[in-house]
Every structure is written in structure tokens, then in C-alpha cells.
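Participant: Structure incoming, see below.
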Amino acid sequence: LFAGPVDFVKGVVAMDGLPGADRPEVCFAGRSNVGKSSLINALTGRKGLARASNTPGRTQEINYFALGDQAYLVDLPGYGFAKAPVAVVAKWQALLKSYLAGRQTLRRAFCLIDSRHGVKPVDHEIMTLLDRSAVPFQVVMTKADKLGPNAMQPVLAQVETELQKHPAAFPQLIVTSSDKGQGIATLRAIIANLD
Ligand code: GDP
């Protein structure tokens, strides 16, 4: 699945802009700066694919990437960005809700959690929305290289405790570092095996 071409398809700002639901897709969600662009770039092996720093004006778009003609990778806008105006946040939340509840071909959401920070209240909110939308989700820990092995254990325990509150959550966490390549092959294999 990841051996072929990967292309940016479009940025979507409203439900009627979504590409045809003709293939399976997975989406990536996380707080701003969690390392989402870096992870998508590492997964696809394409450095400039997802903007490594979020370009102003494009941050509220749902960005679609095509893995050949077989699947879509969907980059949801980073959330918890305090500077966004209230009206913009409200519009984005409405789109997110419609997308998660209505996208038949969405197979799994990956919730990215910064290994240094653990689950924050906004992450809890997204996970709750995923529960309500009946979208199975899996947590991906990012930037694992920034933590020593002893520091990781309590964070993983905190995340695991959080996941027990969420019926839509897979218990298995994927620990990644886009910088070091850790966990990237595992995540690719999980995506490739969804059908
Ligand atoms: P996004 O806002 O979620 O798309 O986050 P980015 O991918 O732009 O990453 C935010 C910051 O974290 C950037 O400075 C990245 O270089 C850094 N970063 C992302 N992934 C990693 C990682 O695996 N390890 C380290 N050390 N830094 C990372």
C-alpha cells in the first residue's frame, strides 16, 4: 500500500467537498504541534507532503492524500489551537462532527498523543466524539525519542487509564518517533491490513 505513489488530493472545508467514498480511509487527529505532519511524511516517505509547519489558512481544512488508488490518508486539522477565533473553531467542530459521523468509508482514526504531554482535555473530547460517532480509534504516541524509557512508562499508564473510558478505543498503543523511524513500519502494517 505504501510502495506506490502518494498524492495530495485536496483540502476540504465542507462535507460536499469530500472526495467520492470509493475506497477505505484512515484519519489522523491530534493537538496542534503533536507531530502529525511529520508522522504522515514519515509514513508515506514523502518529506514535503504534509506541511511540517501548518500554513495559516489551510489549518482548518481536512486534507486528503491518496495511496495509489487504493486508500485515502486523511489529515484532520490540529485542534486546541488557542488563537483561532471562536467562529472558526465552531465551524471546524461542526465539520469534524459531520465527517466522523457520516463517512462510511472511514475505517479507523489515529489519535496522536505527544509522549511528553499525555492525554489533555481536548484529546479526551475528541475521543468522546469518536465514541459517539462509533469510529474505532487507536492512539499513536509521537516524539518518543524525546523521552527516556523511564519517563515513557507513566505516560503510557495515563493513556491506558484514559482509554478504558472509551468504548471505541483499541487498547494497543503504537509508540512512534518520526525522527528515528520508530513504530512507522508497525503503523504502516496496521493501515495496510485494514480493508
Ligand atoms: P503538527 O503541527 O502536528 O503537524 O506537528 P509537526 O509535524 O509540524 O511537528 C511539530 C514539531 O515537532 C516540529 O518542530 C517537528 O520537527 C517536531 N517533531 C515532530 N515529530 C517529531 C519526532 O518524532 N521527534 C522529535 N524529536 N521531534 C518531532
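The values are calculated or read from the model by the stated rules, or taken from the named source; none is laboratory data. These numbers come from a predicted model, not from an experiment. Counting neighbours? That spans all protein chains shown, and the Cβs are built from the backbone with ideal geometry, glycine included.
Participant: Just wondering, is there one or more residues in segment 87-101 that are in a loop (DSSP other than H, G, I, E, B) and more than 13 Å from the ligand (Cβ to nearest atom)?
Facilitator: Scanning segment 87-101 turns up no residue that is in a loop (DSSP other than H, G, I, E, B) and more than 13 Å from the ligand (Cβ to nearest atom).
Participant: Quick one: in segment 53-63, which of the residues that are surrounded by 15 or more Cβ atoms within 10 Å (Cβ to Cβ) and away from the ligand (no atom under 11 Å from the Cβ) is modelled with the lowest pLDDT?
Facilitator: Looking at residues that are surrounded by 15 or more Cβ atoms within 10 Å (Cβ to Cβ) and away from the ligand (no atom under 11 Å from the Cβ), I get 60.
Participant: So which residues in segment 66-86 are among the aromatic types (Phe, Trp, Tyr) and either within 21 Å of residue 114 (Cα to Cα) or in a loop (DSSP other than H, G, I, E, B) (or both)?
Facilitator: Result: 79, 81.
Participant: Could you say which residue among 50, 101 is of a type in the set (A, V, I, L, M, F, W, C) and modelled with pLDDT under 95?
Facilitator: The conditions single out 50.
Participant: Can you tell me which residues in segment 152-169 are in a helix (DSSP H, G or I) and surrounded by 12 or more Cβ atoms within 10 Å (Cβ to Cβ)?
Facilitator: Listed by number, the residues that qualify are 152, 155, 156, 158, 159, 160, 162, 163.
Residue by residue, here is whether (1) buried (at least 22 other Cβ atoms within 10 Å of the Cβ); (2) in contact (Cβ under 8 Å) with a residue 60 or more places away in the chain; (3) of a type in the set (D, E, K, R) holds:
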site: 15; (1), (2), (3): no, yes, no
site: 18; (1), (2), (3): no, yes, no
site: 25; (1), (2), (3): yes, yes, yes
site: 29; (1), (2), (3): yes, yes, no
site: 38; (1), (2), (3): no, yes, no
site: 43; (1), (2), (3): yes, yes, no
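Participant: Also, quick follow-up: Which residues, counting only those in segment 111-124, are at pLDDT 95 or above and in contact with a Lys or Arg (Cβ under 9 Å, 6 or more places away or on another chain)?
Facilitator: Listed by number, the residues that qualify are 112, 113, 114, 115, 116, 117, 120, 123, 124.
Participant: Limited to segment 119-135, what total is found for residues that are away from the ligand (no atom under 16 Å from the Cβ) and in a loop (DSSP other than H, G, I, E, B)?
Facilitator: Total meeting the criteria: 2.
Participant: Check segment 136-149 and report whether any residue there is at pLDDT 95 or above, in a helix (DSSP H, G or I), more than 13 Å from the ligand (Cβ to nearest atom) and out of contact with any Gly (no Cβ under 8 Å at 6 or more places or on another chain).
Facilitator: Taking every residue of segment 136-149 in turn, none turns out to be at pLDDT 95 or above, in a helix (DSSP H, G or I), more than 13 Å from the ligand (Cβ to nearest atom) and out of contact with any Gly (no Cβ under 8 Å at 6 or more places or on another chain).
Participant: Same structure, new question: Of all residues in segment 170-185 being loosely packed, with under 14 Cβ neighbours inside 10 Å and either free of Cβ contacts under 8 Å to residues at least 24 places away in the same chain or in a helix (DSSP H, G or I) (or both), which is farthest from the ligand (Cβ to nearest atom)?
Facilitator: 171
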